[in-house]
Amino acid sequence: MEAEGRQLLRALRIEAAEYYRGHGVPQRMEDALNTLFPQRPADLYGELANYLSKFSKAPVISKLVGRKVLDGVGQPTLEVETHCTVKNYEKRICSVVMSSHSQTLENALPETIEADEKERNHSVNTAVEWVNESLSTMLRDMKPTDQCEVDKMLGEYFTKKVEEKEEIRKREEEKQEEESPSCIPPATALPGGKKAAKQGKKVSVPEKMIPPAEPAESVLCGSLAIGGTSLAIAKAGATVNHVPLYLHISLLKHDQDSPKELTLPLPMITVLNCEKTAKVKLVKEVMLIPPVQLSFKQGLERALDIQKEFMRLLDPPSKEPSPRAADSKKGKAQNTGKKSAQQASKRISCLGCPVTGCDNLEQLLLLMQTACGNIRLELGTDMYLAINCAAHELMDYSKGKYEILTGTFKSPDEMVNMYVELTDKFPFIIALIDPLRKEDKQQWSNICCALGSKCFLIAEDAATCISKLKIDQKLNVPTCSGVVLKYINQTKVSDLIELTGLLDGQRQITILGSPDGESSDDSLVDLAVGLGARFIKLGGLSRGERVTKYNRLLAIEEELAENRTLREATLEFIAFAEESQPEEQPPDELAPSTALPDSPTGS
């Protein structure tokens, strides 16, 4: 028995030696000891672990965890956690929280808002189910660094779900057709379908036919799972590679070719959110853009100073009532009224900035000039303005015109002339977001030819559904200086990389924007830096979910400056060539030669 034991032990030793030798352990241990001895590290075993860890297997995804959480405005949204097997142990690597986006307008009916909230809840619940079941199983044992392969699988899964929904819809329609009687004639065949207008009564008819509004993009229930999973995998890939997310994204965009320098996007800082119920409906957001020669930190501090002075002018302190008036009931009532009016004008919107009504746009812009002058700054030199017009919310389809003021309407062509006059009078306005509906393509072309060399004309509403933007390697947007991209729903990291590459190739700028329902997740900032976005639109300087992103930009600026990899931003406008006119037109109606695309631009 004793001899058999010794023989078995010897066999095990031989097997162990062959096992370790087969994996190169003796040689690597010898190399490690020879390398570390001259260094004599304080933590020898820690340094040994670091040396040998580079020979370990790459981490692989073990599971995904989906969870229903709340965003910055208290609406349900999706959180996705990535767990990986790292050196034989399962570890939680990271998590992301998706921002929610609603297409419901501010003035929507209560029943519409209620239906939207119910649909949102159902969508988030479905997304949680997809992540915890199908997607977790599908991506198990994949490397989190294989972003392209992961996004390809996510895209195929989403396409399958869309096809399933379409099949269900067709079956329901067929069932309804079978159940409904076929003898009822169509409504158009019934007599009296068209009634003559009563004499003396005006009928509202558009002066000129306008392109109808495109139907709202349908959002597949559960689509948040696709975007959340793609971003969670990207963040996990950065973590296991021990690099910041912005650098990981940049490497993905440039095929792992490490960039020598990175540029921070210029912030569009919202200082005022104008209510659409006010007299002036044309302005939704007033934003500040710091000049490129300032650091991000300096620009942020300057914007804060301007906002404080602007709000001081907008809400002058009310006079204190006399002691006699304060003692009387009437005096107390008057004092309460003054306080409530002042507080109402200082409400903070979900965009993280004060909300106010606006009765006169020029007065508002002149007030901003005064605020800058009071702190010895000049608009157009020390700070610039951008205006989010949100024109798609202004169209009165019965008249075929935009309602820019209460009771004041303008046609799409008149809107172009109005913007030209506005920027001529206030040249410090260097960006207009959604100045027209996406359907008014001819007017977009006209305004770009007229203003493109001195003002950015940016499409935001036209780029809501990123998956519909690209058609045959071309962007499905009107002529514009650039688009606002938002990471929502089924958007994948690879989609953003591809789209920003197309925008770069077509000399258009990329703006990354945060949705109304923002979360405290700051990954959007890393995406903007890694993708090389020209601007980033984060909202105002209030509310934690907004401020955390500005703080992340501050941290990235410090890190890049410390590594000497921070490149100064540039601000160059895009000149557009006017469209050529038909040959039969007289020479005096041809496009002027001054509007050439190669004319010098810049600021």
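Here the Karplus relation 6.51 cos²θ - 1.76 cosθ + 1.60, evaluated at θ = phi - 60°, turns the backbone of the range 477-494 into coupling constants of 9, x, 4, 7, 6, x, 10, 8, 9, 10, 8, 9, 6, 8, 4, 10, 4, 5 Hz, with x for every Gly and Pro. Taking the average, over residues, of other Cβ atoms within 10 Å as the packing measure, peptides 413-420, 561-568 rank 413-420, 561-568 from highest down. With 18 Å as the limit on Cα-Cα distance, the pairs of K253/K537; K281/K441; K454/K549; K425/K454 that go past it are K253/K537; K281/K441; K454/K549. Taking θ as phi - 60° and the Karplus parameters 6.51, -1.76 and 1.60, the scalar couplings of the range 52-59 work out to 7, 5, 5, 8, 6, 5, 5, x Hz in sequence order, x denoting glycine and proline.
Can you bin the range 222-297 into rounded, prolate or oblate? Criterion: square roots of the alpha carbon gyration tensor eigenvalues sorted a ≥ b ≥ c, rounded for a/c under 1.5, prolate for a/b above b/c, oblate for the rest. It comes out oblate by the Cα gyration axes.
Rounded to the nearest 20 debye, the dipole magnitude of the range 225-304 is 380 debye, with +1 charges on Lys and Arg beta carbons, -1 on Asp and Glu beta carbons, and the Cα centre as origin. A straight Cα-to-Cα reach below 16 Å connects K87 with the aspartates and glutamates D141, residues fewer than 8 places away in its own chain not being considered.
Can you classify the range 362-456 as rounded, prolate or oblate using the Cα gyration tensor, where a ≥ b ≥ c are the square roots of its eigenvalues, rounded means a/c under 1.5, and otherwise it's prolate if a/b beats b/c and oblate if not? In terms of gyration-tensor shape, prolate. Under a 5 Å amide H cut-off, with hydrogens placed 1.01 Å from N, A431 pairs with I387, F456 among residues at least 5 apart or on other chains.
Evaluating 6.51 cos²θ - 1.76 cosθ + 1.60 at θ = phi - 60° for every residue in the range 36-41, the Karplus couplings come out as 7, 4, x, 6, 6, x Hz, glycine and proline recorded as x.
By the scheme Lys and Arg +1, Asp and Glu -1, what is the net charge of all other residues having a beta-carbon under 15 Å from that of E568?
Details: positive: K260, K297, R534, R564, R567; negative: E261, E557, E572.
Within the 15 Å Cβ shell, the charges total +2.
Computed over neighbours whose Cβ is under 12 Å from that of K438, the net charge equals -4, Lys and Arg +1, Asp and Glu -1.
Ranked highest first by the average count of other Cβ atoms within 10 Å around their residues, in what order do 438-448, 257-267, 377-387, 110-120 fall?
438-448, 377-387, 257-267, 110-120
Modelled this way, with points 7 Å down the Cα-to-C-beta line, the labels at R376 and K399 are 4.7 nm from one another. Cross-link pairs exceeding 29 Å in C-alpha to C-alpha distance, out of K170/K399; K260/K468; K165/K401; K235/K260; K401/K492; K63/K152, comprise K170/K399; K260/K468; K165/K401; K401/K492.
Approximating the spin labels as points 7 Å out from Cα along Cα→Cβ, the D305-to-R140 distance works out to 5.9 nm.
For K279, the residues 5 or more places off, or on other chains, whose built amide H falls under 5 Å of its own are C358. Placing unit charges on each Cβ (+1 for Lys and Arg, -1 for Asp and Glu) gives the range 100-170 a dipole about its Cα centre, and among M142, A115, G155 the Cα reaching farthest toward its positive end belongs to M142. For I210, the amide hydrogen comes within under 5 Å of no other amide hydrogen, counting only partners 5 or more places away or on other chains and with H modelled in the peptide plane. Under a plain spin-label model, where a point goes 7 Å from the Cα along Cα-to-Cβ, how far apart in nm are Q7 and E90? Label-label distance for Q7 and E90, simple model: 4.4 nm.
Quick note: the coordinates plus some simple rules give every number you see, no bench work behind them. Quick caveat: nothing in here was measured; it's all calculated off a predicted structure. Don't worry about glycine lacking a Cβ; one is built from the backbone with ideal geometry, like all the others, and counts go over all protein chains shown.
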